[in-house]
Amino acid sequence: MGTAAMLAEQAVSAPIVTGLVVPLCRLLAVMALSLIIAQALETFGWTAHIARIAAPLVRLAHLSPVSGAAFSLSFASPSAANATLAEGLAGGAISRRELVVANVVNSTPAFLVHLPSMLATAYSFLGFPAFAYIGIVFAAALVRTCGAVLAGRFLLAAPVAGSTPPRENPRGGTLASMFARFKKRLLTLCFFTIPIYCAVFFLQRAGVFTMVEHALAARVGAFSFIHPASVGIAVLFVAAESGAAFAGAAALIHGGTVLPEEAVLALLIGNILSSPMRAFRHQLPSYAGFFSPSTALLLIGVNQTLRAVTLALATVAFYAWAV
């Protein structure tokens, strides 16, 4: 009887460990490492040096060296880029307005980080049509970055040359101050990230996100301009993961039920409908750790709104041209 109870307890606790504890620890480790990188850049005056990589864009968008460094870092780690922006905002190096602009500017490099795995997955199922789908999504990200650069040009004042020189503090003292700030920021990070991540996890286990996704999937039928058989592709994208949608699209294409361009159109629509919920699940815990909850919601809201608009415009252009 004791063994049976133990097995039952393990069956209940296993999803908690593998689905909550392990991913949360991994997320906190990545965020903590990103925070160390961001604070090292600020403490040792490396921000301006890294920003020189993106110097033309920084000048054009009237961004500060902090935002330029975040843009350069986002090609390797979007999390480190967000940590750099958060440190810049907390230290007064950038304004809230510049934070929003810089975060949108990072759309393209953040997309490129995930491009290899995304393209490999899509191509393994779809073949050549994968390039059309990935290309359209990339074009939308590029439009967001270019639009944000132009917005910064008009909304932000040009930084005064030499206003943020590299620090020349002794290494020992800066290390001590850096770790003191790191411990304080790490406590804040954990204070917001852990409860939000846990809340999202338990909401998902309770089926809240599933109900919302099914409600969104039911709306797919309103898109009467897509092939009826391809509606299921968009539903899979909303209700499941992108891999399931790619598999469904491949089956319909190979079976001759839909044309490749019709499958790509359905994938794009599914991507648009599923983005807000996926962003809430995956981005909110980390954003709330680096920024205040209100700022995190602002950044996610602006990003997702612009993402939906640019991707919708790209989808309309693709529909007019190919379908």
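The values are calculated or read from the model by the stated rules, or taken from the named source; none is laboratory data. Here the structure is a predicted model, which is why all the values come from computation and not from measurement. A quick note on method: Cβ atoms are made from the backbone with ideal geometry, for glycine too, and the neighbour counts reach across all protein chains shown. Surface areas here come from the heavy atoms of the whole protein model, side chains and all, with no ligands, DNA or RNA. Shrake-Rupley method; radii C 1.70, N 1.55, O 1.52, S 1.80 Å.
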Next on the checklist: Calculate the FRET efficiency for Ala279 and His254 from the Cβ-Cβ distance with a Förster distance of 25 Å, rounded to the nearest 0.05.
Outcome noted: 0.20
Checklist entry - Once fully extended, how much extra length lies between Ala55 and Ala308, figured as 0.36 nm per residue of separation less the alpha-carbon to alpha-carbon distance? => result 88.2 nm
Next on the checklist: If I take R0 = 51 Å and measure r between the Cβ atoms of Ala244 and Arg96 in this structure, what FRET efficiency does the formula 1/(1 + (r/R0)^6) give, to the nearest 0.05?
Outcome noted: 0.85
Checklist entry - How much length, in nm to one decimal, is gained on full extension between Phe128 and Phe191, taken as 0.36 nm per residue of separation minus their Cα-Cα distance? => result 18.1 nm
Checklist entry - Of all accessible surface on the range 66-136 at a 1.4 Å probe, what whole percent is carbon and sulfur? => result 69 percent
Checklist entry - Once the whole set of protein chains is in place, how much accessible area is left on Thr188, using a 1.4 Å probe, in Å² to the nearest 10? => result 50 Å²
